[in-house]
Amino acid sequence: MYSPTIESLIEQFAQFSGVGRKSAERMAFYVLDTMSDEDAKKMAEVILDAKRSIKFCEICQNLTDTSPCHICSSAKRDRSVICVVETPKDVSAIEKTGQYNGLYHVLHGAISPIDNISPDDIRIKELLLRLAGGETEEVIMATNPTVNGTATAVYIQKLLKPFDIKVTRIAHGIPMGADIEYADEVTLSKALEARTEMN
């Protein structure tokens, strides 16, 4: 339908998670029709620079341009608590709440036998090495409330038993502003399980 060069550009954009063919076409034609050569060059340079300079934090495995990252190196963070998440985006989401002041550990995925992702394919070993230092008192499992996320949390919880560390799981339930009648059974049951006393 398009020239090989345009088709190649569309295919590159289509590799992004959540970007379908139509969105990839819009992005490609935005670059070709709207962006100046200078802006296109700047975008390419920013992508290459990010690929060259971004690395994994040696402590928490989050993406960073300095290692240790700014969270791990901050003297203001509570070093007795580690929140375990699946992706760097989860760190950002929790940080935006302003309610958490501990450290993080990014797994970069979840155990998924269907996708051939085993415990060795995510960063569990790095978490265990951190806990061997004895500074951690609590590990918060903040993996996604999916089958894979829950299985990963349970698997890690079993591994942590010898460490004599408190292991907690973030509560899952009905989001703020939602109607109970539209919630599914699993969400409702989790909301009931995670109920708290009203003050």
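The values are calculated or read from the model by the stated rules, or taken from the named source; none is laboratory data. Worth saying up front: this structure is predicted, and the values here are computed from it rather than measured. Positions of Cβ are backbone-derived with ideal geometry, glycine not excepted, and every protein chain shown enters the neighbour counts. Only protein heavy atoms, including side chains, enter the accessible area calculation; ligands, DNA and RNA are left aside. Shrake-Rupley method; radii C 1.70, N 1.55, O 1.52, S 1.80 Å.
Things to note:
- For the chain, share of DSSP beta bridges that run antiparallel, in % to the nearest 5: 20
- Take the Cα of Glu45, step 7 Å toward its Cβ, do the same at Leu32, and the gap between the two points is 2.5 nm.
- Of all the options Asn144, Asn62, Asn116, the one that moves most in a Gaussian network model of the chain with Cα springs shorter than 10 angstrom is Asn116.
- A run of the chain free of exposed loop cleavage sites, with trypsin sites (Lys or Arg not before Pro) counted only in DSSP states other than H, G, I, E and B and at most 10 other beta carbons within 10 Å, reaches its longest extent at 77-194.
- Pairs from the list Lys76/Lys96; Lys41/Lys96; Lys125/Lys166; Lys89/Lys125 with a Cα-Cα gap above 23 Å: Lys41/Lys96.
- Among the listed values (i) 7, 25, 28, 23, 14, 3, 0; (ii) 8, 28, 25, 12, 7, 6, 5, 5, 3, 1, 0; (iii) 9, 36, 35, 17, 3, 0, the one computed from these coordinates for P(r) over Cα pairs in 10 Å bins from 0, in percent is (i).
- Restricting the GluC sites (Glu not before Pro) of region 112-187 to loop positions (DSSP other than H, G, I, E, B) with no more than 15 neighbouring Cβ atoms within 10 Å leaves Glu135, Glu137.
- Comparing Asp121, Asp65, Asp37 in a Gaussian network model of the chain where C-alpha atoms under 10 Å apart are linked, the largest mean-square fluctuation is found at Asp37.
- Cα centroid of region 1-77 to Cα centroid of region 126-143, whole Å: 31
- Cα-derived Rg over Rh, computed across region 92-196 with Rh taken as Kirkwood radius: 0.99
- Under a Gaussian network description of the chain, with springs only between Cα atoms under 10 Å, the residue in Thr146, Thr64, Thr87 that fluctuates furthest is Thr146.
- In this structure the amide hydrogen of Ile117, modeled in the peptide plane, comes within under 5 Å of the amide hydrogens of Ser112, none closer than 5 places in sequence on its chain.
- Portion, in percent, of the accessible area of the chain that falls on carbon or sulfur, probe 1.4 Å: 56
- Heavy-atom accessible surface of Val147, to the nearest 10 Å², is about 120 Å², with a 1.4 Å probe and all protein chains retained.
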